[in-house]
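What follows is calculated from the coordinates using simple rules that are stated; it is not laboratory data. Predicted model only: the values in this text are computed from it and were never measured. Positions of Cβ are backbone-derived with ideal geometry, glycine not excepted, and every protein chain shown enters the neighbour counts.
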Amino acid sequence: MKSLLSTSLIVCIAGLMLPLQAGAVKPIPEKIVLREIRDVDFGNTLFYFFQRQYFSAIIHLTVAQQRKTIPHHTDDAELLLGGMYLSFGMHREAGRIFNRLITEKVPLRIRNRAWFYLAKIRYQRTLYPEAEQAIGKIEGALPGLQENERRLLYAKILMAQKRYAEADSYLSETNDKSIWSVYIRYNLAVSMIKQNNIERGRELLQSIGRLKAPGKELQAIRDQANLALGYSYILEKKPAQAIEDLRKVRLKGHLSNKALLGLGWAYDQQKEYRKALLPWLELNKRNPLDSAVQESFLATAYALGKLNQDSRALDHYLTAIEIYEGEVRRLEDTIINISNGSFIQQIMAIQSQNEMGWFWEMENVPVTPESHYLINLLASNTFQESLKNYRDLVLLRNNLDSWSKNIEAYNTMLNTRSTAYSERLPVIRKNTERIKNGNLKKQRDLYAGEYKRIILTDDLTALANTVEKQYLYKLDKVGKLLGELTPRHNMKAAEDKYRLLRGVIKWNIANEYGPRTWQLKKDLKQLDAALEIYESYSKGILSVEKNAPLRFEGYGSRIANLRKHIDALLKQANTTLTKQEKLIESLAVYELRRQQDRIDSYLTHAQFSVAQIQDKASHPDKEEQP
């Protein structure tokens with residue numbers, strides 16, 4: 001049973017490191033403080049940014065930068081874009097931006113945050129000395145919570161270089177009490193224990209284990225610390241200290257199963273098998289999918305054997321065998337289901353569909369047989385990053401799919417306009433020719449000549465309006481008749497009336513000479529303006545007639561090229577998406593195979609123990625032999 005105990009302890013210690021390697025601390029979002037938004041397009045970008053629609057924000061911001069419509073927020077826009085690129089794991093693009101922002105020409109507040117992001121990028125790419133150099137370039141304190149993150153990032157950089165003593169000293173100096181600091185201190189403690197600096201590692205764990213824990217997250221870290229302390233004492237065969245720390249772990253916490261299992265092994269080291277049975281029997285009642293519960297079936301039978309209760313031990317071994325065989329079958333079925341491709345769809349179906357990059361994390365766990373076996377994998381950094389990449393690929397694929405449909409709409413619009421142009425062109429040509437054949441310029445010159453003649457000759461009759469012309473026409477006929485009459489007719493009275501009426505009309509025209517000549521001049525100017533518009537339209541029509549086919553052809557070529565580009569990207573996205581899905585499935589299958597191997601080892605151990613008990617029962621005389 002010693003080999004089983006050793007394996008259990010190694011697995012547990014490795015498991016205790018998982019939350020820290022997973023980067024349990026969420027990154028602190030970039031806080032943007034602007035007194036005034038002076039460019040509309042930058043405000044539009046922030047509208048999407050603050051809704052955590054980072055993909056849409058990137059699109060709007062890059063378009064605005066290309067159009068140069070954010071002149072008052074150039075540096076802030078660059079910093080924001082770099083942060084969003086970083087959130088989608090685009091380290092090279094983000095790095096290029098931040099490298100541009102570390103010059104002396106950039107304001108200190110922008111430059112400091114650029115160095116901070118560069119340090120992050122270099123840390124994530126395991127360029128630890130370069131990350132340390134970048135973080136050392138920050139002058140003064142960063143705004144808000146980013147200063148806490150900067151200090152913790154520096155501690156992580158030191159730890160990544162195995163400079164644990166420096167990290168310990170630095171964290172002690174900062175006196176940071178935040179939840180992020182507790183995670184880092186825990187990570188440091190476990191790392192120091194693994195590097196055989198057991199005493200200092202335990203001191204750190206003990207300080208965490210004694211923390212007052214009002215919140216669930218802090219309570220979980222405290223349980224983690226006490227569990228790590230307990231198992232480290234078991235490894236050193238110091239069961240009394242192990243029992244003291246393991247009993248501090250909450251019975252209703254998510255680590256209670258491991259704590260109960262370890263508590264039993266600590267009592268086992270004291271050879272107090274009856275006490276060891278108590279936590280192990282409690283574990284027997286819990287969910288058999290948990291690894292600690294699975295091991296407890298063997299441990300219970302082992303303790304009963306130590307108490308010489310072979311019959312009960314045999315029953316427990318047989319029960320364990322039945323459970324293990326059932327688990328192996330269920331694991332195999334689960335592997336088959338995962339390989340069919342439904343696992344990733346079940347996970348994504350219950351997640352929010354926002355556009356968050358870096359700050360996104362899996363919010364819900366699907367209630368499926370697979371999730372029960374993979375709860376630790378689902379919480380791991382490797383799986384979360386893989387799922388995040390898959391989700392980003394889905395976002396890109398859906399965006400490309402949407403553009404693939406939109407590009408067809410643009411093509412339809414182009415065809416519609418081209419058809420409408422072809423239908424309207426003959427009508428436009430006909431109207432243009434009709435106007436052209438009307439000799440408008442010649443007619444305008446005639447009107448202008450007539451105007452000059454009227455002015456030069458004071459031709460009042462030419463200024464008569466329609467009514468006056470009718471009267472004058474009738475008077476002319478009257479005058480002609482009067483001229484044809486013989487002198488013997490006394491027509492003096494009629495002639496006087498004729499002259500009077502004609503004089504009145506001409507007097508009225510003469511009285512309005514100024515306004516009427518001004519109106520003629522005005523009409524002539526309007527005619528000139530209309531002719532200029534006509535000339536411009538004519539040239540425009542000729543230009544359209546000449547260039548429209550080229551423009552339609554140009555747009556058609558651009559749409560065709562864009563369609564090809566989108567199709568190529570869509571194909572690439574689907575291929576990459578399939579590969580990423582296979583990667584996630586392989587992670588899940590690997591984890592299930594690992595569990596299968598562990599349960600197989602339990603099964604083999606149980607079967608061997610059954611054989612031993614049965615052999616002992618069938619050959620009782622062997623016990624009496626020296």
Task: Footprinting exposure proxy for 293, 610, 40 (fewest neighbouring C-beta atoms within 10 Å first) - done: 40, 610, 293
Task: FRET efficiency, 1/(1 + (r/R0)^6) with R0 30 Å, evaluated for residue 37 and residue 124 via beta carbons - done: 0.45
Task: Inter-site label distance for residue 91 and residue 67 at 7 Å from Cα along Cβ, in nm - done: 3.5
Task: Label-to-label distance, nm, for residues given as residue 480 and residue 332 (7 Å Cα→Cβ offset) - done: 12.5
Task: Fewest-first ranking of 193, 179, 135, using other Cβ atoms within 10 Å as the exposure measure - done: 179, 135, 193
- [ ] Can you tell me how much longer the chain between residue 210 and residue 346 gets when fully stretched, taken as 0.36 nm per residue apart minus their C-alpha distance, in nm with one decimal?
- [x] 44.9 nm
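How long is the gain from residue 170 to residue 586 if the chain were fully straight, where each residue apart is worth 0.36 nm and the alpha carbon distance is subtracted? Intermediate values should be presented prior to the final figure.
On the way: separation 416, 0.36 × 416 = 149.76 nm, distance 4.01 nm.
Full extension from residue 170 to residue 586 adds 145.7 nm.
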TODO: Starting from the Cα of residue 457, step 7 Å along the direction of its Cβ; do the same at residue 319; then give the gap between the two resulting points in nm.
DONE: 13.2
TODO: Check the straight Cα-Cα distances from residue 452 and name the lysines below 17 Å, setting aside those fewer than 8 residues away within the same chain.
DONE: 441, 442, 521, 522, 525
Task: Kirkwood Rh (inverse of mean 1/r, distinct Cα pairs), region 118-213, angstrom - done: 13.8
TODO: Show which lysines lie in cross-link reach of residue 388 when reach means a straight Cα distance below 22 angstrom and same-chain residues fewer than eight apart are skipped.
DONE: 26, 120, 571, 579, 582
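Sort 116, 98, 50 so that the residue with the fewest other Cβ atoms within 10 Å of its own Cβ comes first and the one with the most comes last.
On the way: 116 22, 98 27, 50 10.
In increasing order of surrounding Cβ atoms, one gets 50, 116, 98.
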Open item on the list: Test of the criteria: in region 96-160, which GluC sites (Glu not before Pro) are in a DSSP loop and have at most 14 other Cβ atoms within 10 angstrom of their Cβ?
Closed with: 104, 139
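For the pair residue 446 and residue 534, what calculated FRET efficiency results from E = 1/(1 + (r/R0)^6), where r is the Cβ-Cβ distance and R0 = 22 Å, to the nearest 0.05?
Numbers: r = 17 Å, r/R0 = 0.77.
It comes out at approximately 0.80.
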- [ ] Please work out the FRET efficiency for the pair residue 179 and residue 398, using the Cβ-Cβ distance as r and a Förster radius of 30 Å; give the result to the nearest 0.05.
- [x] 0.30
